[in-house]
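J.: Before anything else, here's the structure in question.
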Amino acid sequence: EGGIPEEWTTVVNTSDGLVSTLDMGTGAKFLNPANDEVVNYLLGILEDLAAYEGLDGIILDRCRYDDNDLKSDFSDVSRAKFEEYIGKKVTNWPADIFNPGQSDLENRVTELQRQWMTFRAKMIHDFVEKASERVHSVNPDIRFGAYVGGWYSSYYYSGVNWASPGYNAKNEYSWATEEYNKYGYADHCDI
């Protein structure tokens, strides 16, 4: 009561089915970057922070999907946006992408899995782009950035492409699509 609405949080594809992160016991609770209400809420907070006089910069931390695996976010909001992104319905949600509880890629990466990972990187990219624009619209001199894990070769598990959009991961990694590089967000960060 009075907290974050449950529909704002991520939904995890557990071995027991789809579960809201709010119902998963202790630990961090992540908001869903595909949810427009969440994005607008967070952009408002960042706008307020950027207005503080004397503030040198804003660094996002944990600007990613929860879990360091591929089980998040399988909410209805993400499903609708993913289906719009790929231009078709996913018949067996989420099993056509990942089996219940599957937390990593298996021997063969499917095209739908590649598209899912690209979609998640797009959601984080789009948020970072909007956040940078909002912060700089309030204070063009503020430095904006994000703290990320340096292990690029596996950070896609968290839905993050922190590289430059000029870097094409498809040339090196079997999990990347031709579009994955479009969602590198380094060019939206000052630091």
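The values are calculated or read from the model by the stated rules, or taken from the named source; none is laboratory data. The shown structure was predicted, so the numbers you read here are calculated from the model rather than taken from an experiment. Cβ sites come from the backbone with ideal geometry, for glycine too, and all protein chains shown count toward neighbours. Heavy atoms of the whole protein, side chains included, go into the accessibility calculation; ligands, DNA and RNA do not. Shrake-Rupley method; radii C 1.70, N 1.55, O 1.52, S 1.80 Å.
J.: For segment 163-191, name all the residues that are in a helix (DSSP H, G or I) and over 16 Å from ASP126 (Cβ atoms).
T.: Residues satisfying the conditions are ALA169, LYS170, ASN171.
J.: Hey, could you check segment 77-98 for residues that are in contact with a helix residue (DSSP H, G or I) (Cβ under 8 Å, 6 or more places away or on another chain) and charged (D, E, K, R) and say which is most open to solvent (accessible area, probe 1.4 Å)?
T.: LYS89
J.: Output the number of the condition that TYR185 fails; it satisfies all remaining conditions of (1) under 23 Å from ASP48 (Cβ atoms); (2) open to solvent by 10 Å² or more (accessible area, probe 1.4 Å).
T.: Result: TYR185 fails condition (2) only.
J.: Right, another one. Just to be sure before I move on: is LEU31 in contact with a helix residue (DSSP H, G or I) (Cβ under 9 Å, 6 or more places away or on another chain), modelled with pLDDT under 95 and not charged (D, E, K, R) in the structure I sent?
T.: yes
J.: Are any residues in segment 97-110 over 20 Å from the mean Cα position of the chain (by Cα) and of a type in the set (Asp, Glu), and if so, which ones?
T.: Residue satisfying the conditions is GLU106 alone.
J.: On the basis of being free of Cβ contacts under 8 Å to residues at least 60 places away in the same chain and under 25 Å from TRP162 (Cβ atoms), does PHE74 make the cut?
T.: It is false that PHE74 is free of Cβ contacts under 8 Å to residues at least 60 places away in the same chain and under 25 Å from TRP162 (Cβ atoms).
J.: Further question: Please work out which one of (1) within 13 Å of the chain's Cα centre (by Cα); (2) open to solvent by less than 30 Å² (accessible area, probe 1.4 Å); (3) more than 27 Å from GLY27 (Cα to Cα) is the condition SER132 fails and give its number.
T.: (1)
J.: Quick check on TRP162: is it in contact with a strand residue (DSSP E or B) (Cβ under 9 Å, 6 or more places away or on another chain), of a type in the set (Phe, Trp, Tyr) and buried (at least 18 other Cβ atoms within 10 Å of the Cβ)?
T.: yes
J.: Restricting to segment 135-153, name every residue that is open to solvent by 50 Å² or more (accessible area, probe 1.4 Å) and part of a loop (DSSP other than H, G, I, E, B).
T.: PRO140, ASP141, GLY150, TRP151
J.: When you scan segment 6-21, do you find a residue that is part of a loop (DSSP other than H, G, I, E, B) and touching a helix residue (DSSP H, G or I) at 6+ places or on another chain (Cβ under 7 Å), even just one?
T.: Yes, there is a match, as at least one residue in segment 6-21 is part of a loop (DSSP other than H, G, I, E, B) and touching a helix residue (DSSP H, G or I) at 6+ places or on another chain (Cβ under 7 Å).
J.: Of all residues in segment 51-71, which are hydroxyl-bearing (Ser, Thr, Tyr) and in contact (Cβ under 8 Å) with a residue 40 or more places away in the chain?
T.: TYR65
J.: Is it the case, given these coordinates, that LEU60 is open to solvent by 10 Å² or more (accessible area, probe 1.4 Å) and modelled with pLDDT under 95?
T.: It is false that LEU60 is open to solvent by 10 Å² or more (accessible area, probe 1.4 Å) and modelled with pLDDT under 95.
J.: Looking only at segment 146-167, which residues are at pLDDT 95 or above and more than 20 Å from ASN32 (Cα to Cα)?
T.: Those that are at pLDDT 95 or above and more than 20 Å from ASN32 (Cα to Cα): ALA163, SER164, PRO165, GLY166, TYR167.
J.: Going residue by residue through segment 109-123, is there one that turns out to be open to solvent by 60 Å² or more (accessible area, probe 1.4 Å), part of a loop (DSSP other than H, G, I, E, B) and either among the hydrophobic types (A, V, I, L, M, F, W, C) or modelled with pLDDT under 95 (or both)?
T.: There is no residue in segment 109-123 that is open to solvent by 60 Å² or more (accessible area, probe 1.4 Å), part of a loop (DSSP other than H, G, I, E, B) and either among the hydrophobic types (A, V, I, L, M, F, W, C) or modelled with pLDDT under 95 (or both).
J.: If I filter segment 3-55 down to residues being closer than 19 Å to GLY159 by Cβ and small (Gly, Ala, Ser), which single residue comes out as surrounded by the most Cβ atoms within 10 Å (Cβ to Cβ)?
T.: Selected residue: ALA34.
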